[in-house]
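Note sheet for the following structure.
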Amino acid sequence: MIVKAEGKFLRITPTKVRQVMDLIRRKDALSARAILVSLNKRPKEYLIKILDSAIANAKVKGFNPEQLYVSRIICDVGPAWKRFKAAAFGRAAPIKKRTSHIRIELDLKAGE
């Protein structure tokens, strides 16, 4: 791991994020960003922001973004917001608004 970036308490379910994460795992950092930009899914907004942060962290450390790839990408479950909605006969039905913790780690390509 050369650099890492995290996004915590993001208001999107981890299952939706994991579907998009699988598309960019083990890809070059710049090609992963290009894949995300052309995608039509909501998690892409969060992932682009975190990936850009990781690339910026690499530039600060003196690495060229063209030499990096996504070595590790993880989406953990954050705390759920518990809400209730009205149900029939005066009852209440629970709602869990889930959150995510996303972590992206970049590393140097093999042979560089």
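Just so you know, all these numbers are worked out from the coordinates, no wet-lab data involved. Quick caveat, the model's predicted, so the values are computed rather than measured. Positions of Cβ are backbone-derived with ideal geometry, glycine not excepted, and every protein chain shown enters the neighbour counts.
Could you tally the net charge around PRO43, taking each other residue with its Cβ under 9 Å from the Cβ of PRO43, Lys/Arg +1 and Asp/Glu -1?
Around PRO43, the surrounding residues sum to +4.
Quick one: compute the contact order of the chain, relative version, from alpha carbon pairs under 8 angstrom and 6+ residues apart, as a percent. Spell out each step's value before the answer.
Values: 202 pairs, mean separation 46.6, N = 112.
In percent, rounded to a whole number, it is 42.
Among PHE63, ALA110, ASN40, whose Cα projects farthest towards the positive end of the dipole of the chain, with charges put on the beta-carbon of Lys, Arg (+1) and Asp, Glu (-1)?
The Cα lying farthest towards the positive end belongs to ASN40.
What's the ranking of 57-68, 28-39 by average number of surrounding C-beta atoms within 10 Å, highest first?
The peptides rank, most packed first, as 28-39, 57-68.
What does the helix-only formula give at 222 nm for the chain: each DSSP H stretch with n ≥ 4 adding -39500 (n - 2.57), the total divided by the residues, and the result rounded to the nearest 500 deg cm²/dmol?
So the helix-based figure for the chain works out to -11500 deg cm²/dmol.
How are the C-alpha pair distances of the chain spread across 5 Å bins, as whole percents from the shortest bin up?
Going from the shortest bin to the longest, the percentages are 2, 12, 21, 20, 15, 10, 7, 5, 3, 3, 2, 1, 0, 0.
Can you give the extra length, in nm with one decimal, that the chain gains between ASN40 and LYS96 once fully stretched, where that is 0.36 nm per residue apart less the Cα-Cα distance?
Result: 17.7 nm gained on full extension.
Please report the net charge: other residues with Cβ closer than 14 Å to the Cβ of ALA56, K and R +1, D and E -1.
Around ALA56, the surrounding residues sum to +3.
Taking amide H atoms as placed 1.01 Å from N in the peptide plane, list the residues 5 or more away in sequence, or in a different chain, whose amide H sits under 5 Å from that of GLY78.
Under 5 Å from the amide H of GLY78 lie the amide H atoms of THR99, SER100, HIS101, each far enough along the sequence or on another chain.
Taking the Cα centre of each part, how many Å lie between the range 42-76 and the range 85-112?
Cα centroid to Cα centroid, the span is 20 Å.
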